[in-house]
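Only one structure is covered here, and it is reproduced in the block below.
The values are calculated or read from the model by the stated rules, or taken from the named source; none is laboratory data. On a predicted model such as this, the values are computed, not experimentally measured, just so you know. Note that each Cβ is placed from the backbone with ideal geometry, even for glycine, and that neighbours are counted across all protein chains shown. Just the protein is used for accessible areas: all its heavy atoms, side chains included, with ligands, DNA and RNA removed. Shrake-Rupley method; radii C 1.70, N 1.55, O 1.52, S 1.80 Å.
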Amino acid sequence: MSISSQKKRITVPKLRARKGGEPIVSLTAYTAPMAGFLDPYTDVFIVGDSLGMVLYGYDSTLNVSLEMMIAHGAAVVRGSETACVTVDMPFGSYQESPEQAFRNGARLMQESGCGAVKLEGGIEMAETVSFLTDRGIPVMGHVGLMPQSVNRLGGYQVRGREREEGSAIVSDARAIAEAGAFSVVIEGVVPSVASHVTHSVSVPTIGIGASAECDGQVLVTEDMIGMFNDYTPTFVKRYAELGAEVQKAAAAYASDVKARRFPGPEQVFKEKINVKHKQVKII
Ligand code: KIV
């Protein structure tokens, strides 16, 4: 990545300054071509560890490794020009200590070229957030429904319906914002909690399944374009049905191959006839 390409990107301070202003548009991206398609419309890419489920077919995000996040983060950086690229720190790469988090966060930034990292957690991660930001690693927080804690939480249910749990989410968001996070993802909470968090922190909140009360929104791109199969969560709006389009294309291709309609005359190389020696040359 050249200095000039880095200069065109939306910076972390610019995103932070969007608190209460123009809503932040965020999407997930895992690959270079998808990043290229989405880049003109996106302020911040989250290279989410959801890629473990969406791309690799795991049933949770817990199997995702640092190496996977580095490879996909680097692909998204290569495929985009202007969006800020934020890469998820995977399960087990930061919870042990601030030092472990710094070591792995630095690797993520050095080897992928991303502009920031994201990690899940509230009060218990505040010390780590401050350790990283003080040392040059911008951190996006993530509170509410935290998929890396699926085994502790017992599933992916909406959070904050009980008053006590709602207050705990607000305290979590406050703690990491005060520790230096430049923005906070709020996932899977009722609107009153999203609103309370958004009004309680000085940095932008980015909601996913958290209502329009947030300073920005993120969706998993494959959900948004209808590429992630059977189940569509309540909070997802499908803006396209590309899964169905892919199936239609595959069915048409299969039928052409079986009927010997593909390849047709337009898809074959022209032959060059050497009249003198009556030889056929492939060009
Ligand atoms: O992993 C993920 O896709 C996320 C979303 C909140 C963007 O963390």
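For residue 168, state whether it is of a type in the set (Gly, Ala, Ser) and more than 26 Å from residue 103 (Cα to Cα). Against the criterion (of a type in the set (Gly, Ala, Ser) and more than 26 Å from residue 103 (Cα to Cα)), residue 168 qualifies. Based on what the data block shows, is residue 210 out of contact with any Pro (no Cβ under 6 Å at 6 or more places or on another chain) and touching a residue at least 60 places away in the same chain (Cβ under 8 Å)? Yes; evaluated as a whole, the condition is true for this residue. If you check 95, 110 for being more than 15 Å from the ligand (Cβ to nearest atom) and assigned to a loop (DSSP other than H, G, I, E, B), only one passes: 95. Scanning region 57-91 for residues that are in contact (Cβ under 8 Å) with a residue 12 or more places away in the chain, outside any helix (DSSP H, G or I) and open to solvent by 20 Å² or more (accessible area, probe 1.4 Å) gives 62, 65, 81, 82, 91. Summed over region 214-261, the residues that are open to solvent by less than 90 Å² (accessible area, probe 1.4 Å) and either more than 26 Å from residue 156 (Cα to Cα) or within 16 Å of the ligand (Cβ to nearest atom) (or both) give a count of 28. Within region 114-167, if we keep just the residues that are within 14 Å of the ligand (Cβ to nearest atom) and polar (S, T, N, Q), the residue that is nearest to the chain's Cα centre (by Cα) turns out to be 148. For the condition over 28 Å from residue 192 (Cα atoms) and in the same structural domain as residue 38 (by TED's automatic domain parsing), residue 95 qualifies.
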